[in-house]
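Colleague: Take this structure first; my questions come after.
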Amino acid sequence: MIYPAMLIPLLIVAARADYSDEFRIHEGASIGTVLTASPELKRKLDRVSNCYSTLDTSVPWIELQEFSNVLHTTESLNYVNLNTREQLQGSLTMMCPGNKVLTFPFSVHITKMNRHAPSFKKDSLEINVPLGSPVGALLTQLEVTDHDAVIYNSQRTLSFKDTKSIGDSLFSISNDGSITLKTSIPASEAYKKIQMQVVAVDYGSPQRYSETNITIVPVTVSQVRHLKMNVASGRYQIFEWEPPEYGIPDKYRLVIRREEHTLVDEEVDAKATRALTRVKIGKDWDVTYSVAAVSFMGETASPKEQFKIIHGKLECVGECSHGGLPLCYFGPLNSLQQYEDSEGRHCECFPGFTGVSCDKKESCPSEKRVDTYGGLDWPETGVNASARLSCPYNDKSEEIWRPCEWNSLEGRAQWGKTKGHERCQTQTSILMHLGMHATFAEKADQISSINTVSSYLAKLLNVPSFAKSGPAHFDLKIAQHMTMVLDAVTRVNYTKIQERTKANVTETKLQLLSRISALSSRLPPPFQLAADRDSKNNISFNAIEWQPGTENFRQQVGESCYLQLPMIDVESVMRAVCMTNSSLVDTIDHRNPVLMMNVDNPDKIVFSKITFGLRTFNSSENYTCVYYDEIERAWSNRGIRHISQRGGYVECETSHLSLFSLLPESAFSSSSSMLRDLAVLLPTVTSFIAIVCGVFLLFLAAIQRGPSIDYPLLVFLFLAFIIHALHLLTLLAPQLGDPFLQAPTLHLVYQFCVISACALVMLLAQSIYAVIMQYKCNDDKPEPPLCSSFCSTLFFGIIIPALLTSTTYFFAQQSRHELTRVFTRLDWLFILNFLSPSLLFCSLTIVFCLSSLRAASNCSSRASSSLSLSPASHSSSMLLLLILLLLGHIVLFVFRAYSDGLVAALFVICQLAYCLVSFIFAGYLFRLRYMQLNGDELSTRTIETKSRAVLSHVDRRPEEPDCSALLHSPHNPSDDLSCSSFGVNGCKNGNGNTLSSSYYQSHSSSHNNQVIVRSLKSTPSPPPLMLDSPNGFSMTASLFERAPMVSIV
């Protein structure tokens, strides 16, 4: 209900209303058809979309939809009597918040039907926008068309569908299709694709619209410019472009596609504006190409362009090798010239040639192939050539060949079909023959049957498939069947055949053993092979990779054998064969296993003890390991060490390779067994005795009192103790093998001890020689300072051996060395760091000892010699014998297992002699040290007389001393006295000869060149007297002070 007060203003507004705004409806519209508002009316209604609207119109067949500003028809226009334009009018009253009332008068316009919607030229579009583009920059212009003839049916509006996206905040679009930049794009959005949809809506009836997808990518470098194809042939293509307008690319990426398949995708240098591709393209292929400018943040690709190849051949002048012709393109002024870039001048190659200048000939790659006639490794072969190989299962006279051909379509070399394979034996035929021979061997009752099987096996082992190296593949299935045949021939009762036919079966057995060894040598390592017959592996093969410098664990060879390899320093392969129930060997019970061991390159490998175990069928019997001596043609146990018998296995160790098995210990004489036991036991006992003797001597040397310490002797005795302890450790732990080889630490300790012991013995010999030369013929020289002994011991006994040992460890780098290497193979590290310094020090020791003996013999007859040289000469001779015995029993210890007890006996004798000589040498050396400090033993009267003679001449220095009392006193010829050392001009005997005084001259620990003399116990001790010597130093005279036994080294 409208109040009268409001009716008058509404009537006045209606009278003044402008009906230029209109709603459009097409002719024949059906019920419910929505009327289309004109663009102006649409914009007005969009501004008051949240207001409540009411309709006031005289048109009876339209009404307002509830809660919207949309009008629709209530009747079909086909049945409505249409009035004039003035009668099709109305108004929309909008009641908005704040008591605001708006009225929009309109008219209804009946038009022609709108039949076409606006259409975009492209359904999708990708636009690259540089990050530095200014605000308002035109990004692109969308092309939109409408095919309706009526003008208002073709009117349209473009807008973004999602007005809340990031694209709507960055970009704007106008009705003419222009997309512009609304605000600057942040750098964080670089190469992040912004997906948007653009909607184009017209204003006809019914109202129609269309959409298109737009992707805008902010980039740091724009697209390349003026991209074009220079030459496009079926064999090569040349592309050209100009650098991007915005940004500096790091490189370019050229992509050629055929539909969804990529033919070329390669990178081009950033400085280049031209690229060459060599791809085969067919005549009717639909091919596109594009070039992308790549920066560190992403890449900007150019639109994909299609191209077709040209027909005909371009010719130009250029330089090429014999394998091709110049590759031409259109250069400046559209002239044909040879293409050239940073790689050089390019050529179009003939079939089979490649490279920039066609100077390389292509080849078919090496290939592994398996066929019915076996597997082969075809080698690399050049184009238009053939590879020829021997048939895997035939002798080397039968060959097959395979050509290498050129594929012009793919532009590469490829292998052709194999030819000549009809003459090759197949695997099936070989297996059939092996099965027949296995049956033949099981039923054999003549030695000729076994020889036939052996001959066939020998022939089969010589085919290329079983060669140690070559292109033919090793055939596992044939090897398994060969093992079954060998197992069958090992079960044959050769004794029965020999008794019946009186034939010689020994040669046949040896041939079969050689066939087994040959098959073992053909196995590729690592490899295990066994004949599975009746659930028992009667013959088993194991090819073991023997790597240098690595610890090896126990390896099982079948069910009845195992072995454990030591460390080596050269790579090799151990090939072991374990046979049970074998009748190929005599003397051995066939129920005991037989182990065959061989290695590759035996001349180059040096190894220590190999531990192996054999399972015995009778655990109650005591067995020992034996090997077959080919020289004596008998079984022997020399060089084999029995370790234990437990768990059904007899464990032994050996230092050589051969054929091994088990024999009862009763098969060997008791005397030889006793000698063998003694050869094992006595070295252990004597090593223990040497350790006890060393500890005792070390104790005696340590408790000697004196102003100085005999460092060389102490350190030498300690190192000798370490050497004997290492010997004892090796003898008590045989399961460790050779510790000098298996334990690097033990080897380095042993090297240090041997070198240091030799150096210290040299110092002892030099000290004895120095003593003899010091007192030779009254040569009075001061004693060397205390530091000389300690420093020389530290330098020669510690520093030099430590440097040599550390150098060995540094250069060896986990490689193992043993003492026997010098006799088997020259090793520069062993000779330079171990053998040479040891021999050098020992040679110097021998030189010093011989020199000492010669000097002592020259002075022994001189009556003026004040010191008895017999202890010094005896010490030198004992030291010479000591170093020879030390080196002898070290070398004998290394070779103790290389003889039937002879070396062990020599080792025992040498070690016992060393202990005895060391005691004698220590006694003479202690005596020599005592005499150096106290002189020779004199009677009490002699000492008292000499002391009185010295005191009587203290106050009579200008006069000639009276030595008659001293001359008539009893004393040894070597005890002649000279007074010159006491500051007296000389003391002469009755013959007028001047007496020597070096007997009384000694030096204290502080080396102040004073002489302390004490009187006898029966005489009161006078106060010390200070005497001036002719040499200008003072001496304190106090008789008979005792000096301990020490070294002056």
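Colleague: Mind telling me which of the residues GLY312, GLY282 ends up being more than 28 Å from SER124 (Cβ to Cβ), assigned to a loop (DSSP other than H, G, I, E, B) and without any contact (Cβ under 8 Å) to a residue 12 or more places away in the chain? Lay out the reasoning, then the answer.
Modeller: Working: GLY282 fails: without any contact (Cβ under 8 Å) to a residue 12 or more places away in the chain.
Step by step, each of GLY312, GLY282 is checked, and only GLY312 is more than 28 Å from SER124 (Cβ to Cβ), assigned to a loop (DSSP other than H, G, I, E, B) and without any contact (Cβ under 8 Å) to a residue 12 or more places away in the chain.
Colleague: Let me ask something else about it. I'd like the residue in segment 436-447 that is open to solvent by less than 70 Å² (accessible area, probe 1.4 Å) and without any contact (Cβ under 8 Å) to a residue 60 or more places away in the chain and, out of all such residues, is farthest from THR483 (Cα to Cα). Break it down into steps so the answer makes sense when it comes.
Modeller: Looking only at segment 436-447, we keep the residues that are open to solvent by less than 70 Å² (accessible area, probe 1.4 Å), and these are 437-439, 441, 444, 447.
If we keep only those that are without any contact (Cβ under 8 Å) to a residue 60 or more places away in the chain too, we end up with 437-439, 441, 444.
On the way: HIS437: 12, ALA438: 10, THR439: 13, ALA441: 13, ALA444: 17 Å.
The qualifying residue farthest from THR483 (Cα to Cα) is ALA444.
Colleague: Separate question: Could you go through segment 231-239 and let me know if any residue there is over 26 Å from LEU139 (Cα atoms), in a strand (DSSP E or B), of a type in the set (Phe, Trp, Tyr) and open to solvent by less than 40 Å² (accessible area, probe 1.4 Å).
Modeller: Residues of segment 231-239 that are over 26 Å from LEU139 (Cα atoms), as a first pass: 231-239.
If we keep only those that are in a strand (DSSP E or B) too, we end up with 231-232, 237-239.
Going one step further and asking which of them are of a type in the set (Phe, Trp, Tyr), we end up with 239.
After this cut, where a residue has to be open to solvent by less than 40 Å² (accessible area, probe 1.4 Å) as well, the list is 239.
Yes, because at least one residue in segment 231-239 is over 26 Å from LEU139 (Cα atoms), in a strand (DSSP E or B), of a type in the set (Phe, Trp, Tyr) and open to solvent by less than 40 Å² (accessible area, probe 1.4 Å).
Colleague: Now for a separate question. Taking the criterion of being basic (Lys, Arg), in a strand (DSSP E or B) and open to solvent by 20 Å² or more (accessible area, probe 1.4 Å), would at least one residue in segment 409-431 satisfy it?
Modeller: At the first step, the residues of segment 409-431 found to be basic (Lys, Arg) are 412, 417, 419, 423.
Remaining after also requiring in a strand (DSSP E or B): 412, 419.
After this cut, where a residue has to be open to solvent by 20 Å² or more (accessible area, probe 1.4 Å) as well, the list is 412, 419.
Yes, segment 409-431 contains at least one residue that is basic (Lys, Arg), in a strand (DSSP E or B) and open to solvent by 20 Å² or more (accessible area, probe 1.4 Å).
Colleague: Would you check if there is a residue in segment 822-829 being modelled with pLDDT of 90 or more and open to solvent by 60 Å² or more (accessible area, probe 1.4 Å)? Walk me through it before giving the result.
Modeller: Just the residues of segment 822-829 that are modelled with pLDDT of 90 or more, to begin with: none.
Looking through segment 822-829, none of the residues is modelled with pLDDT of 90 or more and open to solvent by 60 Å² or more (accessible area, probe 1.4 Å).
Colleague: Taking segment 559-585 as the search range and keeping residues that are out of contact with any Leu (no Cβ under 9 Å at 6 or more places or on another chain), free of Cβ contacts under 8 Å to residues at least 60 places away in the same chain and part of a loop (DSSP other than H, G, I, E, B), which one is surrounded by the most Cβ atoms within 10 Å (Cβ to Cβ)?
Modeller: LEU565
This table checks each residue for (1) assigned to a helix (DSSP H, G or I); (2) at pLDDT below 85; (3) touching a Ser or Thr at 6+ places or on another chain (Cβ under 7 Å); (4) crowded, with 18+ Cβ neighbours inside 10 Å.
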site	(1), (2), (3), (4)
GLY888	yes, no, no, no
ALA897	no, yes, yes, yes
VAL908	yes, no, yes, yes
LEU916	yes, no, no, no
ARG927	yes, yes, no, no
GLN932	yes, yes, no, yes
THR942	yes, yes, yes, no
THR945	yes, yes, yes, yes
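Colleague: Please indicate, with yes or no, whether at least one residue in segment 725-741 is closer than 21 Å to LEU794 by Cα, modelled with pLDDT of 85 or more and assigned to a helix (DSSP H, G or I). Walk me through how you get there before you give the answer.
Modeller: So in segment 725-741, the residues closer than 21 Å to LEU794 by Cα come out as none.
Looking for residues that are closer than 21 Å to LEU794 by Cα, modelled with pLDDT of 85 or more and assigned to a helix (DSSP H, G or I), one finds none in segment 725-741, hence no.
Colleague: Something else: Taking segment 363-380, which residues are outside any strand (DSSP E or B) and of a type in the set (Asp, Glu)?
Modeller: Taking segment 363-380 as the starting set, the residues that turn out to be outside any strand (DSSP E or B) are 365-366, 372-373, 379-380.
Passing the criteria: only GLU380.
Colleague: Condition first: without any contact (Cβ under 8 Å) to a residue 12 or more places away in the chain, open to solvent by less than 70 Å² (accessible area, probe 1.4 Å) and more than 24 Å from SER429 (Cβ to Cβ). Can you find one or more residues in segment 511-521 that meet it?
Modeller: Narrowing segment 511-521 to residues without any contact (Cβ under 8 Å) to a residue 12 or more places away in the chain: 514.
The next check asks that each one be open to solvent by less than 70 Å² (accessible area, probe 1.4 Å); those that pass are 514.
Those still in the list that are more than 24 Å from SER429 (Cβ to Cβ) too: 514.
Yes.
Colleague: Taking the condition touching a Pro at 6+ places or on another chain (Cβ under 8 Å) and under 30 Å from SER302 (Cβ atoms), does PRO130 pass? Please lay out each step first, then the result.
Modeller: Working: touching a Pro at 6+ places or on another chain (Cβ under 8 Å): yes; under 30 Å from SER302 (Cβ atoms): yes.
Against the criterion (touching a Pro at 6+ places or on another chain (Cβ under 8 Å) and under 30 Å from SER302 (Cβ atoms)), PRO130 qualifies.
Colleague: Given the structure, is VAL606 in contact with a Phe, Trp or Tyr (Cβ under 6 Å, 6 or more places away or on another chain) and either charged (D, E, K, R) or in contact (Cβ under 8 Å) with a residue 60 or more places away in the chain (or both)? Break it down stepwise before answering.
Modeller: Numbers: in contact with a Phe, Trp or Tyr (Cβ under 6 Å, 6 or more places away or on another chain): no; either charged (D, E, K, R) or in contact (Cβ under 8 Å) with a residue 60 or more places away in the chain (or both): yes.
Spelling it out, it is not the case that VAL606 is in contact with a Phe, Trp or Tyr (Cβ under 6 Å, 6 or more places away or on another chain) and either charged (D, E, K, R) or in contact (Cβ under 8 Å) with a residue 60 or more places away in the chain (or both).
Colleague: Could you identify the single residue in LYS100, LYS121 that is more than 60 Å from the chain's Cα centre (by Cα) and either within 24 Å of GLN207 (Cα to Cα) or buried (at least 17 other Cβ atoms within 10 Å of the Cβ) (or both)?
Modeller: Numbers: LYS100 fails: either within 24 Å of GLN207 (Cα to Cα) or buried (at least 17 other Cβ atoms within 10 Å of the Cβ) (or both).
Only one candidate passes the filter, namely LYS121.
Colleague: Sort out which residues of segment 240-279 are under 26 Å from LEU139 (Cα atoms), in contact (Cβ under 8 Å) with a residue 24 or more places away in the chain and surrounded by fewer than 16 Cβ atoms within 10 Å (Cβ to Cβ), and write them in order of number.
Modeller: Hits for segment 240-279 are GLU242, ILE248, ASP250, LYS251.
Colleague: Residue by residue through segment 494-504, note down the ones that are polar (S, T, N, Q) and surrounded by 13 or more Cβ atoms within 10 Å (Cβ to Cβ). If you could, list the steps in order and put the result at the bottom.
Modeller: Within segment 494-504, the first condition is being polar (S, T, N, Q), and the residues that meet it are 495, 498, 501, 504.
Answer for segment 494-504, where residues must be polar (S, T, N, Q) and surrounded by 13 or more Cβ atoms within 10 Å (Cβ to Cβ): GLN498, THR501.
Colleague: Within the group GLN207, GLN223, which residue is crowded, with 19+ Cβ neighbours inside 10 Å and not in a strand (DSSP E or B)?
Modeller: Numbers: GLN207 fails: crowded, with 19+ Cβ neighbours inside 10 Å.
Going through GLN207, GLN223 in turn, just one is crowded, with 19+ Cβ neighbours inside 10 Å and not in a strand (DSSP E or B): GLN223.
Colleague: If you check LEU333 against the conditions, is it open to solvent by 30 Å² or more (accessible area, probe 1.4 Å) and part of a strand (DSSP E or B)? Full working, then the answer.
Modeller: Numbers: open to solvent by 30 Å² or more (accessible area, probe 1.4 Å): yes; part of a strand (DSSP E or B): no.
Answer is no for this residue.
Colleague: Let me ask another. Taking segment 609-644 as the search range and keeping residues that are at pLDDT below 85 and surrounded by 20 or more Cβ atoms within 10 Å (Cβ to Cβ), which one is nearest to PHE830 (Cα to Cα)?
Modeller: So the residue we want is LYS609.
Colleague: Run LEU325 past the list (1) within 25 Å of SER290 (Cα to Cα); (2) of a type in the set (A, V, I, L, M); (3) over 43 Å from the mean Cα position of the chain (by Cα) and report the number of the one that doesn't hold.
Modeller: Every condition holds for LEU325 apart from (1).
The values are calculated or read from the model by the stated rules, or taken from the named source; none is laboratory data. All values derive from a computational prediction rather than experimental measurement. Positions of Cβ are generated from backbone atoms using ideal geometry, with glycine treated the same way; all protein chains shown enter the neighbour counts. What goes into the accessible areas is simple: the full protein's heavy atoms, side chains included, and nothing from ligands, DNA or RNA. Shrake-Rupley method; radii C 1.70, N 1.55, O 1.52, S 1.80 Å.
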